[in-house]
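Input: a single structure, listed below in C-alpha cells.
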Amino acid sequence: MARLPVKLYTFPLSGHAHRVRLALALLKVPTELIEVDLRAGAHKQADFLKLNVFGQVPVIDDNGTIVADSNAILVYLARHYGNGDWLPNDAVGEAAVQRWLSVAAGPLAFGPAAARLITVFGAGLHAEEVIARAHKLFAVMETELTRQPFLTGDKPSIADIANYTYTAHAPEGNVSLAAYPQLRAWLARIEALPGFVGMQHTAVGLAG
Ligand SMILES: N[C@@H](CCC(=O)N[C@@H](CS)C(=O)NCC(=O)O)C(=O)O
C-alpha cells in the first residue's frame, strides 16, 4: 500500500516542533503539518492526549506509528529514514549523539528556550537566571565547535538538529550570540544544508 506523508502535529512558534520539521525536511520525508492550537488548549483535549499523554507538541503519525517527544522523534526518523546518516550505529558514535540530545532536553530547554518563553509567551520565569544559564551553555558549545564543524564531528547528526532551533532563536529571549563566532558559523552551516527550513521569527527581545 502506498505510504502517506508523515503527519506532524505542530505549533508554528514551538522550537521543539520545529526541530522535528527540520529533520523531516533534511531527510526529505514527505510531511503533512497539522497545527495544534496551543493558545486555545487543543493539546489538552482528549483526542490529542490519546497521541501524547503529556499533552505537548510535537507528535508524529507515520502511517499509524505514533511517536511523541521531539528527541524521540529525531531518533525514530534517523533510524527509519536516515540511511545510517544522522545517527551512527556504533556504540561510541551513538553515545556522542545522545549526550547532545540530553543537552537539548536539559540546559538548552532550561536556558535559551526558557528565556524565549518569557518574551514570546509571557512565561513567569526569572529572566536573569535563564539568560545566565544560556550563556553558560553557549560558552561550552563555542569551545566544542572550535574543534569540529558539527557537535559530534565532521558530519551533521540529529545532535545538531536538536540543538539548532533554540540556539538560532536565542536573541528573541534576550540572549545575544555576538560573543560566539563559532556558534554562529555552526548555525550557518546547518542553514546551508540542502532542504533546510527555518522557524518563524518573532520580533521580540534582541530580535525586536
Ligand atoms: N520534551 C518535550 C517537550 C515539548 C514541549 O515543551 N512542547 C511545548 C511547545 S514548545 C508544549 O507543547 N507545551 C504545552 C504544554 O506543555 O502544555 C519534547 O521534546 O517534545
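The values are calculated or read from the model by the stated rules, or taken from the named source; none is laboratory data. Here the structure is a predicted model, which is why all the values come from computation and not from measurement. Note: ideal-geometry Cβ built from the backbone for every residue, glycine included; neighbour counts use all protein chains shown. Accessible surface is based on the protein model in full, side chains and every heavy atom, while ligands, DNA and RNA are left aside. Shrake-Rupley method; radii C 1.70, N 1.55, O 1.52, S 1.80 Å.
A few notes on this one:
- Of all residues in the range 51-83, those satisfying the criterion of being over 15 Å from residue 23 (Cβ atoms) and either more than 15 Å from the ligand (Cβ to nearest atom) or open to solvent by less than 50 Å² (accessible area, probe 1.4 Å) (or both) are 51, 52, 55, 61, 63, 64, 65.
- Among the residues here, residue 106 qualifies as assigned by TED's automatic domain parsing to the domain that holds residue 162 and either within 15 Å of the ligand (Cβ to nearest atom) or at pLDDT below 95 (or both).
- Taking the conditions (1) within 15 Å of the ligand (Cβ to nearest atom); (2) in contact with a Ser or Thr (Cβ under 6 Å, 6 or more places away or on another chain) in turn, residue 40 satisfies each one other than (2).
- Those residues of the range 22-50 which are in a strand (DSSP E or B) and open to solvent by less than 60 Å² (accessible area, probe 1.4 Å), in sequence order: 31, 34
- Every condition in (1) in contact with a Ser or Thr (Cβ under 6 Å, 6 or more places away or on another chain); (2) open to solvent by 30 Å² or more (accessible area, probe 1.4 Å) holds for residue 89 except the one numbered (1).
- Qualifying residue in the range 103-125 (condition: within 23 Å of residue 38 (Cα to Cα), touching a His at 6+ places or on another chain (Cβ under 7 Å) and part of a helix (DSSP H, G or I)): yes
- In the condition set (1) farther than 27 Å from residue 196 by Cα; (2) part of a helix (DSSP H, G or I); (3) open to solvent by less than 30 Å² (accessible area, probe 1.4 Å), residue 19 is compliant with all but (1).
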